[in-house]
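Colleague: Below you'll find the structure I mean.
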Amino acid sequence: MAERLPPDVQQQLVKLQQLQTQLNQVMTERALLQQELRDIARALDILKGIPEDAEVYRSSGHLLIRISKSDAEKELNERKELIELRLKTLDKQESLIRQQISELQSKINQAVASLYKKQ
């Protein structure tokens, strides 16, 4: 049937596949960021339960570097803010892609339906 589809419908199908790939990438990135956000929340909870003078270490490559509790909290909160901002952007991007997919699917369905009516 693909050979009998008009070139514009074939192009729309290619575009649909590209959008679906983009959507999968956005959803994967969002899932990874959400997991990192959960990890940060756990780390911040742990930091709340330890004294101010406790030794805290941050991993940097193959090294553990000692930092103050307040610096650790500051770094984690900054990373948390960045992730939350990125998640908002990804949510908007996902919504837009889903809308584009829906519109394109409708166009393709209409084009295919009109082809069957002609037969």
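Colleague: Rounding to the nearest 10 and keeping the result within 0 to 90°, find how far the Cα-based axis of helix 7-48 lies from the longest principal axis of the chain.
Modeller: Between the helix axis and the principal axis of the chain, the angle is about 20 degrees.
Colleague: Quote the relative contact order of the chain in percent (integer), defining contacts as alpha-carbon pairs under 8 Å separated by 6+ residues.
Modeller: 35
Colleague: Then there is this: Near the amide H of Ile67, under 5 Å away, which other amide H atoms are found, from residues 5 or more places off or on another chain, if H is placed in the peptide plane?
Modeller: Answer set, sorted by chain and number: Val56, Tyr57, Arg58.
Colleague: Hey, another quick one. Using a simple charge model, +1 on the beta-carbon of Lys and Arg, -1 on the beta-carbon of Asp and Glu, nothing else, what dipole does the chain show about its Cα centre, in debye to the nearest 20?
Modeller: 740
Colleague: A further question follows. As a check on your grasp of the helix formula, calculate [θ] at 222 nm for the chain: sum -39500 (n - 2.57) over DSSP H runs of n ≥ 4, divide by the residue count, round to the nearest 500.
Modeller: -29000 deg cm²/dmol
Colleague: Provide Arg79, Arg30 ordered by accessible surface of protein heavy atoms (probe 1.4 Å), highest first. Kindly include the intermediate steps, with their values, before the conclusion.
Modeller: On the way: Arg79 95, Arg30 55 Å².
Ranked list, largest accessible area first: Arg79, Arg30.
Colleague: Hey, could you get me the Stokes-Einstein D for the chain, Kirkwood radius over alpha-carbon pairs, 4 °C and 1.567 mPa s, rounded to whole µm² s⁻¹?
Modeller: The diffusion coefficient I find is 71 µm²/s.
Colleague: While we're on this one: Per-residue HN-Hα couplings for the range 77-89, Karplus 6.51 cos²θ - 1.76 cosθ + 1.60 at θ = phi - 60°, whole Hz, x for Gly and Pro?
Modeller: 5, 5, 5, 4, 4, 4, 5, 4, 5, 5, 5, 4, 5
Colleague: Say R0 is 41 Å: what FRET efficiency, to the nearest 0.05, do Gln10 and Lys92 get from their beta-carbon distance?
Modeller: It comes out at approximately 0.85.
Colleague: Work out the count of Lys pairs in the chain where the Cα-Cα distance is under 27 Å, with the pair 8 or more places apart or on different chains.
Modeller: The result is 16.
The values are calculated or read from the model by the stated rules, or taken from the named source; none is laboratory data. Nothing here was measured: the structure is a model prediction, and the numbers come from that model. We place every Cβ from the backbone using ideal geometry, glycine too, and count neighbours over all the protein chains shown. Quick note on the areas: whole protein, heavy atoms, side chains included, nothing else; ligands and nucleic acids left out. Shrake-Rupley method; radii C 1.70, N 1.55, O 1.52, S 1.80 Å.
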